[in-house]
Amino acid sequence: MRAGNLDRRITIQAMTAGVDAMGGPTETASTLATVWASKRDLSGKEWFAAQQINTEITTVFTIRYRSDVTLKHSILYGSTTYNIHAIKELGREEGLEIMAGALNG
């Protein structure tokens, strides 16, 4: 994996369950890791839902191999949060290709 291709800084987040001041359940995002990645947008699709147009962009992030990234995590890039849909190992633990989707309305 060429380091020059990893030109974006992303944050891998884990959701942590907690309790708010009133005793109700809450979820907050905590940082698992901040890593270098490459970013490639695959497709965009629009649909009409709830009387507004929404756009879903499927993006592939490529990072160096990590054994702790799962489908339960999310990716923060800039101000956009991406839900992880699939993770593919590249080579023999050389890297990960992470397919993720961001919903923008």
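For the range 55-69, the tally of residues that are out of contact with any Leu (no Cβ under 7 Å at 6 or more places or on another chain) and more than 15 Å from Val35 (Cα to Cα) stands at 2.
Within the range 64-91, if we keep just the residues that are among the hydrophobic types (A, V, I, L, M, F, W, C) and either farther than 24 Å from Thr16 by Cα or in contact with a Phe, Trp or Tyr (Cβ under 7 Å, 6 or more places away or on another chain) (or both), the residue that is surrounded by the fewest Cβ atoms within 10 Å (Cβ to Cβ) turns out to be Leu90. Residues of the range 54-78 that are hydroxyl-bearing (Ser, Thr, Tyr), in a strand (DSSP E or B) and closer than 18 Å to Thr28 by Cα: Ser74, Tyr77.
Go through (1) acidic (Asp, Glu); (2) exposed (fewer than 15 other Cβ atoms within 10 Å of the Cβ); (3) free of Cβ contacts under 8 Å to residues at least 60 places away in the same chain for Glu94 and report which single condition fails. All conditions are met except number (3). Looking across the range 3-28, the residues that are in contact with a Ser or Thr (Cβ under 6 Å, 6 or more places away or on another chain), closer than 20 Å to Gly95 by Cβ and in a strand (DSSP E or B) come down to Thr11, Gln13. Take Thr55 and decide whether it is at pLDDT 85 or above and either of a type outside the set (A, V, I, L, M, F, W, C) or touching a Pro at 6+ places or on another chain (Cβ under 8 Å) (or both). Criteria not met by Thr55.
Within the range 10-21, can you find the residues that are touching a residue at least 60 places away in the same chain (Cβ under 8 Å) and not aliphatic (A, V, I, L, M)? Thr11, Gln13, listed by residue number. Considered as a group, the residues in the range 1-13 that are surrounded by 11 or more Cβ atoms within 10 Å (Cβ to Cβ) and farther than 19 Å from Ser79 by Cβ include one that is modelled with the lowest pLDDT, and that residue is Met1.
Residues in the range 66-84 include at least one that is of a type in the set (Ser, Thr, Tyr) and more than 13 Å from Thr11 (Cβ to Cβ).
The values are calculated or read from the model by the stated rules, or taken from the named source; none is laboratory data. What you see is a predicted model; the values in this text were computed from it and never measured. Positions of Cβ are backbone-derived with ideal geometry, glycine not excepted, and every protein chain shown enters the neighbour counts.
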